[in-house]
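These notes concern the structure reproduced below.
The values are calculated or read from the model by the stated rules, or taken from the named source; none is laboratory data. Since the structure is predicted, the reported quantities are computational estimates derived from the model, not experimental observations. Here the Cβ positions follow ideal geometry from the backbone for every residue, glycine too, while neighbour counts run over all protein chains shown. All accessible areas refer to the heavy atoms of the entire protein, side chains included, with ligands and DNA or RNA removed. Shrake-Rupley method; radii C 1.70, N 1.55, O 1.52, S 1.80 Å.
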Amino acid sequence: DAGVTQSPTHLIKTRGQQVTLRCSPKSGHDTVSWYQQALGQGPQFIFQYYEEEERQRGNFPDRFSGHQFPNYSSELNVNALLLGDSALYLCASSWGGARGTEAFFGQGTRLTVV
Amino acid sequence: SQQGEEDPQALSIQEGENATMNCSYKTSINNLQWYRQNSGRGLVHLILIRSNEREKHSGRLRVTLDTSKKSSSLLITASRAADTASYFCATVTGGGNKLTFGTGTQLKVEL
């Protein structure tokens, strides 16, 4: 059983560009959450998708958007990249039918904006 | 914003010793979870404790929760070099699955 997979593992982009990160949830999970983790900090919640809809959103600007597909996989899009967007982006999956359960994380995508 | 603070920020111990990490949070919670992160990669779930529970065990891990003090502690007994990692507490409030993480404790276990 494959766990949560994220692609790519590393990415370098130029300021002002756009980026798309991808996530496949653990088998049986229907909820995907995205987190941003700056160096030396704890992960910060970006948003969560369930049944192809954004269910919750953290304190991130509209430059951050997402999508969930019918197979429960998800994308995170960031437009007009800033240097401060450089971080580890983590995807977590869980089963939305039982709220407040453990989340399974992918290995993350390390985004560097230059 | 961070919900909680972990204490200490960094901890260095010898193999075989116990490690205790503390977490404080600000608002009422549904549950509190502890995660481990190795070298800035993905997080691994360790244990979940619900707001109506006071203590939980899993192998060498023991977690306590004091909702009146809005605090939790994670005890790792008989630590091993492989336990070297960053440890985060995360709270879930309301009915959702959103995790609000603390600032983390960096644990180093030396041989």
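Data table
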quantity	calculated
Meets criteria (more than 10 Å from every other protein chain (Cβ to nearest Cβ) and out of contact with any helix residue (DSSP H, G or I) (no Cβ under 6 Å at 6 or more places or on another chain)) for B:Ser86	no
Region B:40-99, subset touching a Pro at 6+ places or on another chain (Cβ under 9 Å) and not in a loop (DSSP other than H, G, I, E, B), residue surrounded by the most Cβ atoms within 10 Å (Cβ to Cβ)	B:Leu43
Residue count, region A:60-89 (criterion: under 14 Å from the mean Cα position of the chain (by Cα) and among the hydrophobic types (A, V, I, L, M, F, W, C))	7
Any hit, region B:5-12, residues being in contact with a Ser or Thr (Cβ under 6 Å, 6 or more places away or on another chain), under 26 Å from A:Cys91 (Cα atoms) and crowded, with 22+ Cβ neighbours inside 10 Å	yes
B:Asn18 vs. criteria at pLDDT below 95 and surrounded by fewer than 17 Cβ atoms within 10 Å (Cβ to Cβ)	no
Qualifying strands (runs of 3 or more DSSP E) (wholly inside region A:1-90; at least 2 residues being open to solvent by 60 Å² or more (accessible area, probe 1.4 Å))	A:10-13, A:53-57
Residue list for region B:11-39, filter: away from every other protein chain (no Cβ under 11 Å) and part of a strand (DSSP E or B)	B:Leu11, B:Ser12, B:Ile13, B:Gln14, B:Ala19, B:Thr20, B:Met21, B:Asn22, B:Ser24
Subset of region A:32-74 [within 11 Å of chain B (Cβ to nearest Cβ) and more than 18 Å from A:Gly108 (Cβ to Cβ)]	A:Tyr50, A:Arg55, A:Gln56, A:Arg57, A:Asn59
Residues located in region B:40-56, provided they are among the charged types (D, E, K, R) and at the interface with another protein chain (Cβ under 9 Å from one of its Cβ atoms)	B:Arg41, B:Arg50
